[in-house]
1. Mean residue ellipticity at 222 nm from the helices of the chain, using -39,500 (n - 2.57) per DSSP H segment of n ≥ 4 over the full residue count, to the nearest 500 deg cm²/dmol?
2. Starting from the 7 Å offset along Cα-to-Cβ, what nm value, one decimal, do you get for the label separation of residue 95 and residue 38?
3. Quickly work out the residue 14-to-residue 27 label distance, labels modelled 7 Å from Cα along the C-beta direction, and quote it in nm with one decimal.
4. Which whole-Hz couplings ³J(HN,Hα) result when phi for each residue of the range 82-92 is put into the Karplus expression 6.51 cos²θ - 1.76 cosθ + 1.60, θ = phi - 60°, listed in order with x for Gly and Pro?
5. Please give me the summed charge of the neighbours of residue 19: other residues whose Cβ is under 14 Å from its Cβ, Lys and Arg +1, Asp and Glu -1.
6. Can you work out ³J(HN,Hα) from phi for every residue in the range 46-61, in order, using Karplus 6.51 cos²θ - 1.76 cosθ + 1.60 and θ = phi - 60°, giving whole Hz and x for Gly and Pro?
7. From the Cα trace of the chain, what convex hull volume per residue do you get, rounded to a whole Å³?
8. What FRET efficiency, computed as 1/(1 + (r/R0)^6) with R0 = 41 Å and r the Cβ-Cβ distance, is obtained for residue 109 and residue 86, rounded to the nearest 0.05?
Amino acid sequence: MEKIEFAKLNAKTISEQEFPIEFKGYKVEEVDQYLDRIIDDYNFFESALERNERENKSLKFELEDLREQMQRKEEILIELTERLKKLGGEAEVNKNVLSRINELERRVEKK
């Protein structure tokens, strides 16, 4: 699975980051709690991204399968269309032959 390269931080790098403590700084506990929330968000987004990447890969395979099915069906449709055209021509010939036979039968009946 490919990792997105634009993300410079992850849960581990945030968790392992240390800052020097100075006299007039932030409360360490509050900073740690906030960083823990950020870590939770990063974990959530990484999981969602991995899930989306798996789904995307699955959908790409499904799309390719559907394209192959469509190609096969188009080939069948072309073949059936050609057969139908041929049968249509044959049907016209048969219709003409039947018309002639019918005409001949009427002539014979009149005699």
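Since every read-out is calculated from the coordinates, none of them should be taken as a lab result. Remember, predicted model here, so these are calculated numbers, not experimental data. When we count neighbours, we look across all protein chains shown, and the Cβ atoms used for this are built from the backbone with ideal geometry, even at glycine.
1. -30000 deg cm²/dmol
2. Spacing of the two 7 Å Cα→Cβ label points: 8.1 nm.
3. Taking the two extended label points, one gets 2.0 nm.
4. With coefficients 6.51, -1.76 and 1.60, one gets 5, 4, 5, 4, 5, 5, x, x, 5, 5, 5 Hz.
5. -4
6. So the J values, rounded to whole Hz, are 5, 5, 5, 5, 4, 4, 5, 5, 5, 5, 4, 4, 4, 5, 5, 5.
7. Here the figure is 151 Å³ per residue.
8. Computed FRET efficiency for residue 109 and residue 86 comes out at 0.75.
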